[in-house]
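Just below is one structure, and these are the notes that go with it.
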Amino acid sequence: MSMIRTENLCKSFHSLEVLKDVSLTVEPGEVVCIVGPSGAGKSTYLRSLNGLETINSGKIWIDDVLIEDRDKGSHVNKVKMPKQQRLAILLELGMVFQRFNLFPHLTALQNIMIAQTKVRKRGEAEAREKAESLLRRVGLSDKINEYPSKLSGGQQQRLAIARALAMDPKVMLFDEPTSALDPELVGEVLNVMKKLAEDGMTMIVVTHEMAFAADAADRVVFMADGVIVEQSPPSEFFTNPKNDRLRDFLRRTLRKEE
Amino acid sequence: MEALLSLAGRLPEWAGPLLENLKRMIGWMPSLLKATQTTLLLSVLSVLTALVLAVFLALGKISKRKIISKPCAAYVFFFRGTPLLMQLFFIYYTLPMLIPALNIKSRFVAAWIAFALNVAAYLAEIIRAAIQSIDKGQLEAAKALGMTQWQTMRLIVIPQAYRRMIPPICNEFVMVLKDTSLVSIIALTDLTYQTKMIASNKASAMVYIPAMFIYLVITAVFTFIFNKLEKKLSVYE
């Protein structure tokens, strides 16, 4: 039983190899933070899980269902399943983006309702009720009829989290959720994420927030140059790093935070 | 008019010819306005027809399938790359010679077809640009939420893109309105043709003044309407 399992994921953009045989397993309820220098392939890894990037080779299981199986060289997905079935499996993954990617022509409420009604085919009343309770959960009850442009960065990101949660995902993928935020707004987003983690959500978080990783993660993964260099529980990861590159990385990032 | 003439006696000498000309211009108005109907009808019908065609062309050009996108791109290339006047001649004179079945008797219908085909190419580019101006991140978010491509287009892209199209479409409409003066060359009685007729029959170049004035008023009215529309639709930005 694993929530997400990847085996030997490879991905290149033209001649640039971004992922080199990345294998990682995430258990249900686990919170995994992926850290590393920019260009390490962290975001690409996350995006290949829900099909925003197509991998060149490797295997991906979601909730123990194999959805990607590509050989080196051929690049053809050997998993044949109806589009609808694949879509249903991918819906188990919710995603939060660095730049929020809210729909600017819809209000906060509509942003959360649209995929519920059009994809999950829920009724108007049910979707609205769900949206209202999620807005309460992320502390945006008073912004229900505001357009995203009227919200601060932190509020927009919390709205984006609520939008993803509305689809009842089993896993939440966070792609540098606080990197585009002003420093004083980072806390409110991390708090929502922390609560989510405490509630038992399976999460994969690509982040530069070492304090969050130390505090909320069950396991921290260090990626560099398209490979996983080291992974361990935060207590060990931050106090007893084994790899030189990780030590160097930690020294530089932690000094910046002080 | 009577009052105006009685006033003329008390005005300085140079005012006499001016009033005389003004009187003639007003006299030409009914026939000019009648021809204006053709200009307006041709412009509106052409743009509306072109819009429908342009939506398909734009979506076709965006398509990832080359068998669809290439012909659409070729269409746009052709109609933007040759003079509108030539296209008008082609449809009215050349086409019937090539294919006798396509002998369009009505000058108006020929002009309508030529303009619709030509304007569609320009509108297609406007629509394509507006669709592609929507931030890619929103498309990714829609995909991550499980929306199909068509749902994303219908629910996310088009509601935002069509607001961005309105200013350039307004621009295009004003251009078309003025370009319809070209149809006077195939002797379709639009505002320009009627103006030329009056100019030669009455031997007075004064007629160009009210004619241009009419073009200006129509342009102003449409620009005003489009501006209002644009303001109304941009609530969320």
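A few notes on this one:
- Every condition in (1) within 14 Å of another protein chain (Cβ to nearest Cβ); (2) exposed (fewer than 13 other Cβ atoms within 10 Å of the Cβ) is met by B:LEU98 except one, and the failing one is (1).
- Against the conditions (1) crowded, with 16+ Cβ neighbours inside 10 Å; (2) charged (D, E, K, R); (3) farther than 30 Å from A:ILE89 by Cα, B:LYS105 satisfies every one except (1).
- Subset of segment A:215-233 [touching a residue at least 40 places away in the same chain (Cβ under 8 Å) and farther than 28 Å from A:GLY58 by Cα]: A:ALA216
- Residue match in segment A:160-170 (condition: surrounded by fewer than 20 Cβ atoms within 10 Å (Cβ to Cβ), modelled with pLDDT of 95 or more, closer than 16 Å to A:GLY94 by Cα and away from chain B (no Cβ under 13 Å)): yes
- Of note, B:ILE156 satisfies the criterion of being assigned to a helix (DSSP H, G or I), within 30 Å of A:VAL119 (Cα to Cα) and β-branched (Val, Ile, Thr).
- All positions within segment A:134-153 that are in a helix (DSSP H, G or I) and not basic (Lys, Arg): A:LEU134, A:LEU135, A:SER141, A:ASP142, A:PRO148, A:SER149, A:GLY153
- Among residues of segment B:152-169, those that are surrounded by fewer than 18 Cβ atoms within 10 Å (Cβ to Cβ), modelled with pLDDT of 90 or more and away from chain A (no Cβ under 14 Å), counted: 1
- Within segment B:108-151, the set of residues being within 14 Å of chain A (Cβ to nearest Cβ), open to solvent by 50 Å² or more (accessible area, probe 1.4 Å) and β-branched (Val, Ile, Thr) comprises just one member, B:THR148.
- Members of segment B:9-28 that are of a type outside the set (Lys, Arg) and open to solvent by 50 Å² or more (accessible area, probe 1.4 Å): B:GLY9, B:LEU11, B:PRO12, B:GLU13, B:TRP14, B:PRO17, B:LEU18, B:GLU20, B:LEU22, B:ILE26, B:GLY27
- Segment A:54-68 residues that are without any contact (Cβ under 8 Å) to a residue 24 or more places away in the chain, paired with ones that are surrounded by fewer than 21 Cβ atoms within 10 Å (Cβ to Cβ) and in a strand (DSSP E or B) (beta carbon under 8 Å, 6 or more apart): A:LEU66/A:LYS59; A:ILE67/A:TRP61; A:GLU68/A:LYS59; A:GLU68/A:ASN77
- From the options A:VAL119, A:VAL76, A:VAL96, residue that is surrounded by fewer than 23 Cβ atoms within 10 Å (Cβ to Cβ) and under 23 Å from the mean Cα position of the chain (by Cα): A:VAL119
- Residue count for segment A:193-234 satisfying the condition of being under 19 Å from A:ARG99 (Cβ atoms), modelled with pLDDT of 95 or more and open to solvent by 20 Å² or more (accessible area, probe 1.4 Å): 0.
- Considering segment A:37-112, the qualifying strands (runs of 3 or more DSSP E), each wholly inside and each with 1 or more residues that are within 13 Å of chain B (Cβ to nearest Cβ), run over A:93-96.
- Unmet requirement for B:PHE79, which otherwise passes all of (1) open to solvent by 70 Å² or more (accessible area, probe 1.4 Å); (2) without any contact (Cβ under 8 Å) to a residue 60 or more places away in the chain: (1)
- When A:ALA211, A:ALA160, A:ALA197, A:ALA217 are checked against the criterion of being among the small types (Gly, Ala, Ser), touching a Pro at 6+ places or on another chain (Cβ under 9 Å) and more than 22 Å from B:ALA142 (Cα to Cα), A:ALA217 stands alone in meeting it.
The values are calculated or read from the model by the stated rules, or taken from the named source; none is laboratory data. What you see is a predicted model, and the numbers here were worked out from it, not measured in a lab. Note that each Cβ is placed from the backbone with ideal geometry, even for glycine, and that neighbours are counted across all protein chains shown. These accessible areas exclude ligands, DNA and RNA; they are computed on the full protein's heavy atoms, side chains included. Shrake-Rupley method; radii C 1.70, N 1.55, O 1.52, S 1.80 Å.
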